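Single-structure report; data block below.
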Amino acid sequence: MQGAQWAPLFLFKLPANGPNTGMVEMDRQDMIGETELTMTGAEIVVRALRDQGVETLFGYPGGAVLPIYDALFSTPELQHILVRHEQGAGHAAEGYARSTGKPGVCLVTSGPGATNMVTPIADAMMDSIPMVVLTGQVPSHLIGTDAFQECDTVGITRCCAKHNYLVRDVNDLARVMHEAFLIATTGRPGPVVIDIPKDIQFATGTYTGPTGAKHKTYHPASEPHEASIEAALELMRQARRPVFYTGGGIINSGTEASVALRQLVAETNFPITSTLMGLGAYPASGKNWLGMVGMHGAYEANHAMHDCDVMICLGARFDDRVTGRLDAFSPNSKKIHVDIDPSSINKTVRVDVPVIADAGKAINALLQGWQQQQHPRNDLSEWWSQINGWRDRKGFAYDKLEDQIKPQYAIERLYELTKAKDTYITTEVGQHQMWAAQHFHFEEPHRWMTSGGLGTMGYGLPAALGVQAAHPDALVIDIAGEASIQMCMQEMSTAVQFNLPIKIFILNNEWMGMVRQWQQLLHGERYSHSYSDSLPDFVALAKAYGGHGIQCRDPKDLDAAIQEMIDYDGPVLFDCLVTKDENCFPMIPSGAAHNEMILGKITGDEIDEAGKVLV
Amino acid sequence: MSNTTSTPSPQSAYFIDDHSADMIVRRTLAAIVDNEPGVLARVVGLFSARGYNIESLTVAEVDRKAHQSRITIVTTGTVQIIAQIKAQLERLVPVARVIDITTSPAGLERELALIKVKAETGSDERVEAMRLSEIFRARVLDVTLESFIFEVTGGSSKIDQFIELMEPLGLVQVSRTGVLSIQRGLPE
Ligand SMILES: Cc1ncc(C[n+]2csc(CCOP(=O)(O)OP(=O)(O)O)c2C)c(N)n1
Ligand SMILES: [Mg+2]
């Protein structure tokens, strides 16, 4: 694949006329392969990264990875972004991956380096983000002796990574590296961990290229079964109240999947909603767009899900934030479920037509089938008028104030002032994340990076670094909460060092707003430890890091302040002081059904005893 | 062993609801895995992480050259859970395939047990234990003046029954291998 176009590295020499171009050269390469493609484990790692097309990696050095760092020292073409905490490296790699469709790569040391990576690994697993994590390990002969900075990395990450390896022989290293990229990026993507003992990094072994990296047991299916597509089409043709329920699988499938989706929606005229992870696959300005589904989703989307007769789930997984009360979930619909992961089928919701396939391939097959078969267009007029009735309820409406910045208003203005630009949004976790999903509108896939499955506070800032590293000229904004931002605040320093001009837009309500909202709703307004006293002076903090700080508290100044943020050439920390006790609506209270959404103003008895034990 | 309608393979176009969704069934699953370090931990970890039952588990390398091991697991759950277990197992990278031995017409299961019984010389119990062991085709592995050790093989229910019969005679100790599985005919 990419192998041949790279210039040679390290110990072996290529003919003086450079990268091979023809058969003769190939033969010579083979000879070299037998005799001289011998290098140290550390060099194998770096060479494999380059042969896999890696351009950027995120990492933090330590004793157990020093040989690899040494190899990086002489490989300036591999950009290494030095973070301030390993968790930052992991989320940065996730942001990089999500915004490019390429795998994210990180490199950390043994022990604490590896344990600090656990959160991003689990995060990437939940959101199906392709990632390869290289961890150093103590020398082989010390494994199991509680050596300095030893931990059982493969044991710790076994259940939160898609796969992991402990490399025991330097001659396995190249194969393992290439396998890891294959596993991370194919099937349902996910994080793969490679734990490399220090002696293996020093040892000399044989390098083999990525071609022919086939796996003995791992062969994920991606082509849809013809019969299942036919069965799905049959249901779609008969539908009178259909809805497309789309998710992150479409984003993972690549841009073409979104193109096909838009075509399929146009041809069928079915309404479409999406999970948090799937935003942007279908444009928010599209006329069939219902808005996001789920706990804080659009009123019309949730009602359409509840009342539909055919649900076409494309690359989503019936997550509990989406389904609400399971036994009341879309009770009268036939369900089609397209998923690349067979274990997602019938996991929580029983479906009628499973399609095990890559979302993009399945969408294309559905589109072709739909176009081929002559049939009268479904009469959806009644369904659309019902949907328009729900739309008229204006579920996202809020009261604007003259003297306070409402958080929703802040997002609205941010959207208006950035929509013409090449903008990427990341978020932290909390109310601000939901407001961002509701009020910032996405026209394209890969523009929206958020921690959905794991809900990791601290994700957004480092993820923004990863996005910015991949798209140096883009406008990258982390929509943050004042609590979340402090979880990986240290990465501001990385942004300054690497000239990554990210903008951190904090909706500062002084509360862990989402926690406060639940305490108001569930725990009799007993606000136990959800208020952050002694918040830092964010403007001063920005300056301390060498970035730019802006504070705004008056709606009248907001546009100018946002413009200042956009125009500033460098990292900005924007402290947007918003209404402190605003709640995020609409909301499906836990344990409730989609058609029991509340639109505003909590009374206190929305959640019954059974609902209270849910999260 | 309970017999319910087989779960459709996830690739089949129609999911047939068999309305026995809440019935708990026992299933024997065989996983053919790449015998790499940690593969057993992955399988066992999956069961504990997702709250599935393991009633018995056997594992050994069965193909030296191909480095393949066979893990036979006896588990219980609703038909939906069993389908999940199968899918989750198949999702593990080193798992080549998973076979539902219970629902496969070609499935064969055997278990081996070592059973120690207290039986004094000259007692009626000693005679009865010996007589029953012949009926069950158990082998006597060890004899002392006051005890026997029997080796018995067969389906799990046969072994359960033998143990039950030994109980009143003076059952002292049981050691069982757990279920082994294979399929009749060629190829598997
Ligand atoms: C690492 C982590 N710890 C705890 C939580 C639980 N949690 C979810 S939202 C939230 C509050 C977030 O507060 P803030 O960042 O200020 O956002 P807001 O809700 O106020 O917009 C907390 C503590 C979490 N999601 N992640
Ligand atoms: Mg807050």
Checklist entry - Does B:VAL33 satisfy being in contact (Cβ under 8 Å) with a residue 60 or more places away in the chain and in contact with a helix residue (DSSP H, G or I) (Cβ under 7 Å, 6 or more places away or on another chain)? => result yes
Next on the checklist: Residue pairs, Cβ under 8 Å, 6 or more apart or interchain, first in region A:518-544 and free of Cβ contacts under 8 Å to residues at least 24 places away in the same chain, second surrounded by fewer than 15 Cβ atoms within 10 Å (Cβ to Cβ) and small (Gly, Ala, Ser). List them.
Outcome noted: A:GLN519/A:SER528
Checklist entry - When residues of region A:414-464 are filtered for being without any contact (Cβ under 8 Å) to a residue 60 or more places away in the chain and in contact with a Pro (Cβ under 6 Å, 6 or more places away or on another chain), how many remain? => result 0
Item to check | In region B:87-111, the residues that are farther than 22 Å from B:ALA66 by Cα, open to solvent by less than 20 Å² (accessible area, probe 1.4 Å) and free of Cβ contacts under 8 Å to residues at least 60 places away in the same chain | outcome: B:GLN88
Checklist entry - Can you name the residue in region A:177-199 that is open to solvent by 10 Å² or more (accessible area, probe 1.4 Å) and under 18 Å from A:ALA71 (Cβ atoms) and is also farthest from the other protein chains (Cβ to nearest Cβ) among such residues? => result A:LYS198
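Hey, any hits in region A:560-571 for a residue that's modelled with pLDDT under 95 and among the acidic types (Asp, Glu)?
So in region A:560-571, the residues modelled with pLDDT under 95 come out as none.
No, region A:560-571 contains no residue that is modelled with pLDDT under 95 and among the acidic types (Asp, Glu).
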Checklist entry - Of all the residues that make up region A:391-426, how many are open to solvent by less than 40 Å² (accessible area, probe 1.4 Å) and of a type in the set (Lys, Arg)? => result 1
Next on the checklist: I'd like the residue in region A:313-343 that is of a type in the set (Gly, Ala, Ser) and more than 8 Å from chain B (Cβ to nearest Cβ) and, out of all such residues, is nearest to A:GLU223 (Cα to Cα).
Outcome noted: A:GLY315
Checklist outcome for this item: Matching residues in region B:33-43 (part of a strand (DSSP E or B) and either surrounded by fewer than 20 Cβ atoms within 10 Å (Cβ to Cβ) or away from chain A (no Cβ under 14 Å) (or both)) number 1
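Residue by residue, here is whether (1) touching a Pro at 6+ places or on another chain (Cβ under 7 Å); (2) away from chain A (no Cβ under 14 Å); (3) modelled with pLDDT under 95 holds:
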{"residue": "B:GLU90", "(1), (2), (3)": "yes, no, no"}
{"residue": "B:PRO94", "(1), (2), (3)": "no, no, no"}
{"residue": "B:VAL98", "(1), (2), (3)": "no, no, no"}
{"residue": "B:ILE101", "(1), (2), (3)": "no, yes, no"}
{"residue": "B:ILE115", "(1), (2), (3)": "no, yes, no"}
{"residue": "B:GLU128", "(1), (2), (3)": "no, yes, no"}
{"residue": "B:ASP142", "(1), (2), (3)": "no, yes, no"}
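Yes/no matrix, rows are residues, columns are (1) more than 18 Å from the chain's Cα centre (by Cα); (2) closer than 17 Å to A:LEU500 by Cβ; (3) within 13 Å of ligand 1 (Cβ to nearest atom):
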position	(1), (2), (3)
A:ALA410	yes, no, yes
A:LEU417	yes, no, no
A:ASP422	yes, yes, no
A:VAL429	no, no, yes
A:SER451	no, no, yes
A:GLY455	no, no, yes
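From the set of residues in region A:395-429 that are part of a strand (DSSP E or B) and not polar (S, T, N, Q), which is nearest to ligand 2 (Cβ to nearest atom)?
Step one: filter region A:395-429 for residues part of a strand (DSSP E or B), giving A:405, A:423-427.
Right, trim to not polar (S, T, N, Q) and you get A:405, A:424-425.
On the way: A:ILE405: 13, A:TYR424: 22, A:ILE425: 18 Å.
Checked region A:395-429; the qualifying residue nearest to ligand 2 (Cβ to nearest atom) is A:ILE405.
Sort out which residues of region A:271-285 are under 23 Å from the mean Cα position of the chain (by Cα) and assigned to a loop (DSSP other than H, G, I, E, B), and write them in order of number.
A:THR275, A:LEU279, A:GLY280, A:ALA281, A:TYR282, A:PRO283, A:ALA284, A:SER285
Here's the yes/no breakdown for (1) farther than 28 Å from A:GLY249 by Cα; (2) in contact with a His (Cβ under 7 Å, 6 or more places away or on another chain):
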residue	(1), (2)
A:LEU78	yes, no
A:GLN87	no, no
A:HIS91	no, no
A:GLU94	no, no
A:SER99	no, yes
A:CYS106	no, no
A:THR109	yes, no
A:GLY113	yes, no
Item to check | Residue under evaluation B:THR75, criteria (1) hydroxyl-bearing (Ser, Thr, Tyr); (2) more than 13 Å from chain A (Cβ to nearest Cβ); (3) open to solvent by 20 Å² or more (accessible area, probe 1.4 Å), criterion not met | outcome: (3)
Checklist entry - Are any of the residues in region A:552-559 open to solvent by less than 40 Å² (accessible area, probe 1.4 Å), over 30 Å from A:GLY324 (Cβ atoms), modelled with pLDDT of 95 or more and within 14 Å of ligand 2 (Cβ to nearest atom)? => result no
Checklist outcome for this item: Per the list (1) of a type outside the set (Asp, Glu); (2) more than 12 Å from ligand 1 (Cβ to nearest atom); (3) in contact with an Asp or Glu (Cβ under 6 Å, 6 or more places away or on another chain), residue check on A:VAL467 breaks on (3)
Checklist entry - Failed condition for A:GLY481, given (1) in contact (Cβ under 8 Å) with a residue 60 or more places away in the chain; (2) within 16 Å of ligand 1 (Cβ to nearest atom), with all others met? => result (1)
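Listed residues B:VAL140, B:VAL152, B:VAL127; which is aliphatic (A, V, I, L, M), over 24 Å from B:PHE47 (Cβ atoms) and surrounded by fewer than 13 Cβ atoms within 10 Å (Cβ to Cβ)? So that I can check it myself, show each step before the final result.
Numbers: B:VAL140 fails: surrounded by fewer than 13 Cβ atoms within 10 Å (Cβ to Cβ); B:VAL152 fails: surrounded by fewer than 13 Cβ atoms within 10 Å (Cβ to Cβ).
It is B:VAL127.
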Checklist entry - Looking at region A:302-316, which of its residues are in a loop (DSSP other than H, G, I, E, B) and buried (at least 24 other Cβ atoms within 10 Å of the Cβ)? => result A:CYS308, A:GLY315, A:ALA316
Checklist entry - Before we move on, is A:MET587 of a type in the set (A, V, I, L, M, F, W, C) and farther than 28 Å from A:VAL496 by Cβ? => result yes
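Just wondering, is there one or more residues in region A:495-512 that are within 16 Å of ligand 2 (Cβ to nearest atom), farther than 30 Å from A:ALA260 by Cβ and of a type in the set (Gly, Ala, Ser)?
First, the residues of region A:495-512 that are within 16 Å of ligand 2 (Cβ to nearest atom): A:504-512.
If we keep only those that are farther than 30 Å from A:ALA260 by Cβ too, we end up with A:504-512.
Filter again for of a type in the set (Gly, Ala, Ser), leaving none.
Checking region A:495-512: not a single residue is within 16 Å of ligand 2 (Cβ to nearest atom), farther than 30 Å from A:ALA260 by Cβ and of a type in the set (Gly, Ala, Ser).
Only one of these is within 14 Å of another protein chain (Cβ to nearest Cβ) and of a type outside the set (S, T, N, Q): A:ALA359, A:ALA436, A:ALA365. Name it. Write out each step before concluding.
On the way: A:ALA359 fails: within 14 Å of another protein chain (Cβ to nearest Cβ); A:ALA436 fails: within 14 Å of another protein chain (Cβ to nearest Cβ).
Every option except A:ALA365 fails the conditions.
Out of the residues in region A:486-538 that are aromatic (Phe, Trp, Tyr) and part of a loop (DSSP other than H, G, I, E, B), state the one that is least open to solvent (accessible area, probe 1.4 Å). Please lay out each step first, then the result.
Going through region A:486-538, the residues aromatic (Phe, Trp, Tyr) turn out to be A:498, A:505, A:511, A:518, A:527, A:531, A:538.
Right, trim to part of a loop (DSSP other than H, G, I, E, B) and you get A:498, A:527.
Working: A:PHE498: 52, A:TYR527: 82 Å².
Of everything passing the filter in region A:486-538, A:PHE498 is least open to solvent (accessible area, probe 1.4 Å).
Being touching a residue at least 40 places away in the same chain (Cβ under 8 Å) and within 11 Å of chain A (Cβ to nearest Cβ) is the filter here, so list the residues in region B:44-72 that pass it.
Selection gives B:LEU46 alone.
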Checklist entry - Within region A:457-485, how many residues are open to solvent by 10 Å² or more (accessible area, probe 1.4 Å) and within 22 Å of A:MET117 (Cα to Cα)? => result 4
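The values are calculated or read from the model by the stated rules, or taken from the named source; none is laboratory data. In this text, all values refer to a predicted model and were calculated from it rather than measured experimentally. Every residue, glycine as well, gets a Cβ built from its backbone with ideal geometry; the counts of neighbours run over all protein chains shown. These accessible areas exclude ligands, DNA and RNA; they are computed on the full protein's heavy atoms, side chains included. Shrake-Rupley method; radii C 1.70, N 1.55, O 1.52, S 1.80 Å.
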